[in-house]
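Colleague: Have a look at this one before I ask anything.
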Amino acid sequence: MKGQKVMVRCFYLFALVSILSALLLPALAGAQDFPIMNRVADKVIQKYQQSTCQQLWKKKGEPKPEMEQRVVQLLKSDPQMRTAFIDRVAAPIANKMFECGMIP
């Protein structure tokens, strides 16, 4: 009985480690492929985390700076980089937008 419980726990632990590896390794690999994109993503995340809701609402209607337009164009032309960028910034941006009532 006790040995069976240990075996079940080991199985669950192995399953959890396997699932986490399958989810995290591709994300970590993608992060290393684009060091410049990672710095841009960090700046974007920081901008959203440090901005107030009023600042974000105000910036929403303004035209994008030239540098930001170039980064967007680069992301449009490189699907792998775009995927890595979105994977990195999506959750922090979505959370802030939700807090600010910008998405339902």
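Colleague: What is the local net charge at L56, summed over the other residues whose Cβ is closer than 12 Å to its Cβ (Lys, Arg +1; Asp, Glu -1)?
Modeller: My count for the surroundings of L56 gives +3.
Colleague: Please express the shape of the range 34-104 as an equivalent ellipsoid: the semi-axes are the square roots of 5 times the eigenvalues of the C-alpha gyration tensor, given largest first in whole angstrom.
Modeller: Over the Cα atoms of the range 34-104, the semi-axes work out to 22, 14, 11 Å.
Colleague: Please turn the phi angles of the range 61-75 into ³J(HN,Hα) values with the Karplus equation 6.51 cos²θ - 1.76 cosθ + 1.60 (θ = phi - 60°), one per residue in order, whole Hz, x for glycine and proline.
Modeller: x, 7, x, 7, x, 4, 4, 5, 5, 5, 5, 4, 5, 4, 5
Colleague: Please list, in order along the range 77-85, the HN-Hα scalar couplings obtained from phi with the Karplus expression 6.51 cos²θ - 1.76 cosθ + 1.60 (θ = phi - 60°), rounded to whole Hz, x for Gly and Pro.
Modeller: Karplus values, whole Hz, x for Gly and Pro: 8, 10, x, 5, 5, 4, 4, 4, 5.
Colleague: If you don't mind, there's one more thing I want to ask. Once both labels are modelled 7 Å past Cα along the beta-carbon direction, what's the K59-D42 spacing in nm?
Modeller: Distance between label points: 1.8 nm.
Colleague: Between E99 and M67, what is the label-to-label distance in nm when each label sits 7 Å out along the Cα-to-Cβ direction?
Modeller: Between E99 and M67, the simple spin-label model gives 2.4 nm.
Bear in mind these aren't lab numbers, they're just calculated from the coordinates by the rules spelled out. Worth saying up front: this structure is predicted, and the values here are computed from it rather than measured. Heads up, the Cβs are rebuilt from the backbone with ideal geometry, glycines too, and the neighbour counts pull from every protein chain shown.
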